[in-house]
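First up is the structure itself, then whatever we jot down about it.
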Amino acid sequence: MILRRVLLRLLTTLVTLLGVSVIVFVTIRVVPGDPIAMMLPPGATDDDIDRLRRIYGLDRSIAEQYFIWLSGVVQGDFGTSIQTRQPVLNLVLRRLPATLELSIMALVIAMVIGGFLALTGTRLRGTRTEGAIDVTNGMALSVPDFLWGLVLILLFGVLWPVFHISGRISPNLTSEFSTSFYLFESVFRLRFDLWLDLVSHMFMPALALAIPLAAIIGQLLKQSLKETMHLDYVTLSRTKGYGENHVIIREALPNAVLPTLTLIGVQFTFLIGGTVIIERLFSYEGLGNMAIDAVINRDLPLIQGIVILFALLFTVVNLLVDMLYAVLNPRLRHA
Amino acid sequence: MLDARGMIKRRLGLRLWLSGGWLLLLALAAILAPWIAPHDPLMQDLFTSRLPPFWMDGAEPGYWLGTDSLGRDVLSRIMHGARVALIVALIAGTATALIGATLGLIAGYFRGWADLVISRMVDIWMAFPPVLFAILLIAVMGTGLTSVVVAIIVIDWTRFARVVRAEAMSQGAMDYVASAQVAGQRRLGTMLTEILPNVLPTIVALLTLEMGIAVIVEAILGFVNLSVSTDSPTWGGMIAEGRASVHRAWWVLVFPLITLFLTVLSFSQLGEGLKDRFDPVLR
């Protein structure tokens, strides 16, 4: 039963990915601009252009190109970047860790802030503080990460310059790493000097990504907590003499947290989508920043690779959330 | 209870007035920009480059919010940028609502293969990072107002389709719809006369939110230099300039940012307010 559901999900995931790849493929090939003409110096002859076009397979029909590309992808070959002449897979995999680390850091920040707001709001329900939290949440929610990023740049980059506002790490430190997972590696090797430098670069973009999500978490979790607090078992634990903090955190929270977790899953994909412009804003050397450069340079193979990777990331996150939900929800577990 | 409702109503009223007022002010500034803007928004003058806003030392009279690195007046550029932003908000917002809501209605009410196709498309769309998709579309179509509008429609129609589909589905299961059909009304007629009026409040509220989103998308496209064109001022373009020279001339970033912030907040507050207005419980 569960196996069938998982297989079905995998199948729809595959269909979605194929759909994404077809759309990207067709879209970027309807482009009037010729990527080959842009690669060559102005003096290039028509023969040169034709030759290069053949090398990149651009002389064939769109359908043929698509199947050539697809059969390559199945074998792990995403083609060669036109701009840098390196394999797309290598370029993309080198940047992916930067984006993953940023997204995960943002997620953690969002959960901490959102959870704190929800718990404080529940503890102090009916007071002015709760009202203030509601208003703050509402505002944080309706302004997107791009604008929060700019606000943070002004506040903590210019007005009170405590954080770095561009790059992932100080340039002279990049040689210290042997993997692309800088943050994990610095923790793993106990190099807290590197870790500090990384965090002082990553905190601003991560916070910008986290603010809208934190507001959503704060709102929904507080709502579910409020509903749970009225249930009989919570009243019972109160009559047993437990303090308010214990009742909220130990009794109400475990039951109230489930809808929020599902929501976090969906919202996390939005957050990953947001990294594209946030990385640009903070000159952070991740996948999104590379994607925008690829679009501007009309690097077709690279664009395809990045978009597919993003789509893969989104669908995998959704899949994981569904499974996590099935594991955490007793009603589904025993179904 | 009555008091609580009255309080909510009063709060709503203030919120609607404030956000409506700001948008009206902005619309006036945009329409009248060619006549009331103090300077030509494109005029470069290196003698007036990076002038600070009026309350600071070294400010020149007439340049209220200062100038950018090319000596262009920030206030005039914000006013002219408002034209692009509001036109995009109106056209792209409305068109997205029309297309997305139509598809959502069809999927939610007719079900069957139409629903299957539309829902699958929504799933595929949800796997795209929207900003990257928009940038890609502009790169394909070239910069310009039409491209920006089309890009917004293409990336955001799902927002309407998803919500309207769910609404139409729940409305379609109600008795009044069944009775309309028993009375001999055609399916299409039922959709337009019975279902549509009931999902319209949702669509209007979403439309207001969408206008705010359209303004943001336009600003993001302007930020990566892919909006209307390089020589008409946009808030996004100003923000990109301001970001680049933020340590030398913060005002080039701050003023367009405040404008954008208030505009987006107003659209979303207006949307929330309208949603509550349509809510029969509060009404």
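The values are calculated or read from the model by the stated rules, or taken from the named source; none is laboratory data. As the structure is a computational prediction, the values presented were derived from the model and not from experiment. Don't worry about glycine lacking a Cβ; one is built from the backbone with ideal geometry, like all the others, and counts go over all protein chains shown. The protein model used for the area step is the full one, side chains on, heavy atoms only, and it has no ligands, DNA or RNA in it. Shrake-Rupley method; radii C 1.70, N 1.55, O 1.52, S 1.80 Å.
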Inside the stretch B:137-154, the number of residues satisfying the requirement of being of a type in the set (Ser, Thr, Tyr) and touching a residue at least 12 places away in the same chain (Cβ under 8 Å) is 1
Going through the stretch A:250-266 in order, the residues found to be buried (at least 21 other Cβ atoms within 10 Å of the Cβ) and under 17 Å from A:Ile109 (Cβ atoms) are A:Thr260, A:Ile264
- Task: Check the stretch A:72-92 and report whether any residue there is within 24 Å of the chain's Cα centre (by Cα) and within 14 Å of chain B (Cβ to nearest Cβ).
- Result: yes
In this structure, does B:Pro41 turn out to be modelled with pLDDT under 90, under 26 Å from B:Ile87 (Cα atoms) and crowded, with 16+ Cβ neighbours inside 10 Å? yes
In the stretch B:41-73, anything within 21 Å of B:Leu257 (Cα to Cα) and acidic (Asp, Glu) is listed as B:Asp68, B:Asp73
Those residues of the stretch B:78-95 that are among the hydrophobic types (A, V, I, L, M, F, W, C) and open to solvent by 40 Å² or more (accessible area, probe 1.4 Å) come to a total of 3
Taking the stretch A:189-240 and keeping only residues that are within 24 Å of A:Pro254 (Cβ to Cβ), surrounded by fewer than 18 Cβ atoms within 10 Å (Cβ to Cβ) and not hydrophobic (A, V, I, L, M, F, W, C), one is left with A:Gln223, A:Lys226, A:Glu227, A:His230, A:Asp232, A:Tyr233, A:Thr235, A:Ser237, A:Arg238, A:Thr239, A:Lys240
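Name the single residue that is farthest from B:Phe255 (Cα to Cα) among those in the stretch B:54-66 being in contact with a helix residue (DSSP H, G or I) (Cβ under 9 Å, 6 or more places away or on another chain) and touching a residue at least 24 places away in the same chain (Cβ under 8 Å).
We begin by selecting, within the stretch B:54-66, every residue in contact with a helix residue (DSSP H, G or I) (Cβ under 9 Å, 6 or more places away or on another chain); these are B:56, B:60, B:63-66.
This time we only want the ones that are touching a residue at least 24 places away in the same chain (Cβ under 8 Å), so: B:63-66.
Working: B:Tyr63: 13, B:Trp64: 11, B:Leu65: 8, B:Gly66: 10 Å.
Checked the stretch B:54-66; the qualifying residue farthest from B:Phe255 (Cα to Cα) is B:Tyr63.
So that you can scan it fast, the table gives a plain yes or no per residue for (1) of a type in the set (Gly, Ala, Ser); (2) under 23 Å from the mean Cα position of the chain (by Cα); (3) over 20 Å from A:Met139 (Cβ atoms):
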{"site": "A:Ser186", "(1), (2), (3)": "yes, yes, yes"}
{"site": "A:Arg191", "(1), (2), (3)": "no, no, yes"}
{"site": "A:Val247", "(1), (2), (3)": "no, no, yes"}
{"site": "A:Arg250", "(1), (2), (3)": "no, no, yes"}
{"site": "A:Thr262", "(1), (2), (3)": "no, yes, yes"}
{"site": "A:Gly265", "(1), (2), (3)": "yes, yes, yes"}
Going through the stretch A:254-281 in order, the residues found to be touching a residue at least 40 places away in the same chain (Cβ under 8 Å) and away from chain B (no Cβ under 14 Å) are A:Leu258, A:Thr260, A:Leu261, A:Thr262, A:Leu263, A:Ile264
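Give the number of residues within the stretch A:267-285 that are closer than 14 Å to A:Met202 by Cα, open to solvent by 10 Å² or more (accessible area, probe 1.4 Å) and not small (Gly, Ala, Ser).
Narrowing the stretch A:267-285 to residues closer than 14 Å to A:Met202 by Cα: A:275, A:278-285.
Pick out the ones that are also open to solvent by 10 Å² or more (accessible area, probe 1.4 Å) and you get A:280, A:283, A:285.
Restricting the remaining residues to those that are not small (Gly, Ala, Ser) gives A:280, A:285.
Count: 2.
Considering every residue within the stretch B:255-277, establish whether at least one is over 30 Å from B:Leu42 (Cβ atoms) and aliphatic (A, V, I, L, M).
Yes, the stretch B:255-277 contains a residue that is over 30 Å from B:Leu42 (Cβ atoms) and aliphatic (A, V, I, L, M).
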By residue number, the members of the stretch A:116-149 that are of a type in the set (S, T, N, Q) and either surrounded by fewer than 21 Cβ atoms within 10 Å (Cβ to Cβ) or closer than 30 Å to B:Gly236 by Cα (or both) are A:Thr120, A:Thr127, A:Thr129, A:Thr136, A:Asn137, A:Ser142
Filtering the stretch A:59-89 for residues that are surrounded by 16 or more Cβ atoms within 10 Å (Cβ to Cβ) and in contact (Cβ under 8 Å) with a residue 40 or more places away in the chain leaves a count of 12
message: When you scan the stretch A:282-304, do you find a residue that is closer than 20 Å to A:Ala214 by Cβ and either β-branched (Val, Ile, Thr) or out of contact with any His (no Cβ under 9 Å at 6 or more places or on another chain) (or both), even just one?
response: no
Exactly one of B:Leu51, B:Leu26 is touching a residue at least 40 places away in the same chain (Cβ under 8 Å) and crowded, with 18+ Cβ neighbours inside 10 Å, and that residue is B:Leu26
Apart from one, (1) within 27 Å of B:Glu241 (Cα to Cα); (2) open to solvent by less than 40 Å² (accessible area, probe 1.4 Å) all hold for A:Asn297; the odd one out is (2)
Counted residues in the stretch B:100-113 being more than 28 Å from A:Leu313 (Cα to Cα) and either part of a helix (DSSP H, G or I) or among the β-branched types (Val, Ile, Thr) (or both) come to 9
Contact list, first residue from the stretch A:149-161 and without any contact (Cβ under 8 Å) to a residue 12 or more places away in the chain, second anywhere and outside any helix (DSSP H, G or I) and surrounded by 17 or more Cβ atoms within 10 Å (Cβ to Cβ), beta-carbon distance below 6 Å, six or more apart or interchain, is A:Val158/B:Val246; A:Val158/B:Trp250
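Okay, residues lined up against (1) in contact (Cβ under 8 Å) with a residue 60 or more places away in the chain; (2) surrounded by fewer than 24 Cβ atoms within 10 Å (Cβ to Cβ); (3) among the small types (Gly, Ala, Ser); (4) under 15 Å from A:Pro144 (Cβ atoms):
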residue	(1), (2), (3), (4)
B:Pro197	no, yes, no, no
B:Glu210	yes, no, no, yes
B:Glu218	yes, no, no, yes
B:Trp235	yes, no, no, yes
B:His247	no, yes, no, no
B:Trp250	no, yes, no, no
B:Ile258	no, yes, no, no
B:Gly271	yes, yes, yes, yes
For B:Ser268, the lone unmet condition from (1) at the interface with chain A (Cβ under 10 Å from one of its Cβ atoms); (2) more than 20 Å from B:Ala97 (Cα to Cα) is (2)
Filter the stretch B:104-136 for residues that are aromatic (Phe, Trp, Tyr) and without any contact (Cβ under 8 Å) to a residue 24 or more places away in the chain; the one that is nearest to the other protein chains (Cβ to nearest Cβ) is B:Phe133
